[in-house]
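For reference, the structure discussed in these notes is given below.
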Amino acid sequence: MHYFSAGIEILIITIVINYLLSFFWNTRSMDLIWGVASFIILFALTSILSLPVLHRLMLLVTNVAVIAIIIIFQPEIRVALSKLSLKGKRYTEVSEFESFLDQLANSVYRLSDKQIGALIVLEKDNRLDDLARKATPLKAEFSSELLESIFSRYAPLHDGAVIIRDKEVVAASVILPLADAPHIHKSFGTRHRAAVGITLTTDAVAIVVSEETGRVSIARDGIITRGIKMDRFKGIIRSLFSTEAPVKKERRTFWEWLKT
C-alpha cells in the first residue's frame, strides 16, 4: 500500500511539473522557473551542510518571495488556471454563441434606432449556397461593425439580404424569393416578403429591420412576428439555435478526455 501511494504521488508531481514546464517554456516566466529551482537546490544544501544562519535567511526570503511572485506573475497564473477549467468544450461553445448573439442583437437594434433597413438570414440545416453564389461572396467572420457597414444607407451592398452561417457572413446583397401567400399583409414591403419567402422554402430564420418604422421582425416557417423587443429577440434566436442538441456518444482516450 505504501508503494502504491508513493507511485500515485510521483505520478501527480510528474504531471504538474510537465504542465508547468510546457506552459512556461519560451516565456519570460521560464527564467523564474530556473531561479526557483536554483533557490530550492541551494536551500536544500544549507540543510545538508548545516548552515543555520544562511538557512534561516533563505527561509525569511521565501515567505516574501511567494507573495511577490503571485503579484508579479498574476496574468500568467490566471491564464494557466483558466486552462484547467472543468467546464470544457461545451461551455466554450455556449459562451461563443452568447457572444455572437449579443453582437447580433446590438447591431440589429442599433440599425433599428437609426431606422436603417436590413434583412439578415441565419442559415440552419438547409444550405443556401445557390442564393449565395448569385450574390456578393464575403466569407468573413461575423462582427457588429461588418454587419452595420454592409447595411449603411450609402453602402453598395445595402440592398438585398445577408446570409450568416455558423457565425460567418457568407454573402451580402443576396436576392431572396418573394412570398406571395394569401396571409401576407398588404402593408408588407419587399424585405418582409423576402423574409417570409425564404422561410417558406427553407428552415432558415430571417431578421428584418423596417426602414419605415425601425421595428424588428423575425420570420420562421413562413410566419413573421413583428415589433420584437431585444430581450424577446435574444430568447427566440437562442431557442431556435440551441446548442443543446443530442451528442453522439463516442469512445475517447484518457488524454482526449483531459483536453476537453
Note to self: Against the conditions (1) part of a helix (DSSP H, G or I); (2) in contact (Cβ under 8 Å) with a residue 24 or more places away in the chain, where does residue 125 fall short? Just the number, please.
What the structure shows: (1)
Item checked: When residues of region 11-39 are limited to those that are modelled with pLDDT of 60 or more and not hydrophobic (A, V, I, L, M, F, W, C), the one surrounded by the fewest Cβ atoms within 10 Å (Cβ to Cβ) -> 22
Checklist line | Residues being farther than 18 Å from residue 211 by Cα and out of contact with any strand residue (DSSP E or B) (no Cβ under 7 Å at 6 or more places or on another chain) - total across region 155-166 | finding: 2
Next item on the list: Run residue 155 past the list (1) hydrophobic (A, V, I, L, M, F, W, C); (2) touching a residue at least 12 places away in the same chain (Cβ under 8 Å); (3) surrounded by fewer than 19 Cβ atoms within 10 Å (Cβ to Cβ) and report the number of the one that doesn't hold.
Entry: (2)
Item checked: Which listed residue, of 124, 167, 134, is under 19 Å from residue 99 (Cβ atoms), surrounded by fewer than 20 Cβ atoms within 10 Å (Cβ to Cβ) and among the charged types (D, E, K, R) -> 167
Next item on the list: Report the residue count in region 147-176 for those that are at pLDDT 90 or above, of a type outside the set (Ser, Thr, Tyr) and part of a loop (DSSP other than H, G, I, E, B).
Entry: 4
Check: Just one of 211, 244 is farther than 17 Å from residue 106 by Cβ and at pLDDT below 90; which is it?
Finding: 244
Next item on the list: Tell me which residues, restricted to region 40-91, are surrounded by 10 or more Cβ atoms within 10 Å (Cβ to Cβ), modelled with pLDDT of 75 or more and outside any helix (DSSP H, G or I).
Entry: 51
Check: Quick one: in region 202-228, which of the residues that are closer than 17 Å to residue 124 by Cα and of a type in the set (D, E, K, R) is surrounded by the most Cβ atoms within 10 Å (Cβ to Cβ)?
Finding: 220
Note to self: Taking the conditions exactly as written (of a type outside the set (Val, Ile, Thr) and under 20 Å from residue 227 (Cα atoms)), does residue 114 satisfy them or not?
What the structure shows: yes
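Taking region 230-240 on its own, how many of its residues are touching a Phe, Trp or Tyr at 6+ places or on another chain (Cβ under 9 Å) and surrounded by fewer than 16 Cβ atoms within 10 Å (Cβ to Cβ)?
Qualifying residue count, region 230-240: 2.
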Item checked: Hits in region 155-168 - residues which are of a type outside the set (A, V, I, L, M, F, W, C) and closer than 14 Å to residue 111 by Cβ -> 158
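The values are calculated or read from the model by the stated rules, or taken from the named source; none is laboratory data. Keep in mind it's a predicted model, so treat the numbers as computed, not measured. Heads up, the Cβs are rebuilt from the backbone with ideal geometry, glycines too, and the neighbour counts pull from every protein chain shown.
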